[in-house]
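Working notes, structure below.
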Amino acid sequence: MAGEEIVYGQGTPAVIEPAMPLFDQVVDDIKYKAQLLARETKLSSGVIAATPQGFAIGFFLAVAMMLGPFLLMGV
């Protein structure tokens, strides 16, 4: 060790070839799961944003269906 000279700037030593198909498969799996998560998040935020409007429409329709027959019969 005392007589060895250390050479810098020669890159990383490659003992074996990396298993790139394995890494590609893992990356594809992560991309797929991230896309599913993003799709679910967009859907749930859209539903949450439309909830007050849907509640108001449903409430007024329910009131109209309850009072409509009475108004038509003239009571």
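The values are calculated or read from the model by the stated rules, or taken from the named source; none is laboratory data. What you see is a predicted model, and the numbers here were worked out from it, not measured in a lab. Glycine also receives a Cβ, built like all others from the backbone with ideal geometry; neighbour counts cover every protein chain displayed. Side chains are part of the model used for accessible areas, which takes the heavy atoms of the whole protein and leaves out ligands, DNA and RNA. Shrake-Rupley method; radii C 1.70, N 1.55, O 1.52, S 1.80 Å.
Points worth noting:
- The stretch 6-70: radius of gyration over Cα atoms, expressed as a fraction of 2.2 N^0.38 Å: 2.64
- Theoretical ellipticity at 222 nm over the chain - DSSP helices of four or more residues, -39500 (n - 2.57) apiece, nearest 500: -27000 deg cm²/dmol
- Size of electric dipole in the chain: Cβ of Lys, Arg +1 and of Asp, Glu -1, about Cα centre, debye, nearest 20: 820
- The chain, accessible surface, carbon-and-sulfur percent (1.4 angstrom probe): 72
- With respect to the chain, whose longest principal axis is taken over its alpha-carbon atoms, helix 20-73 is tilted by about 10°.
- Of Gly54, Val26, Gly68, farthest towards positive along the dipole that unit charges on Lys, Arg, Asp, Glu beta carbons give the chain: Gly68
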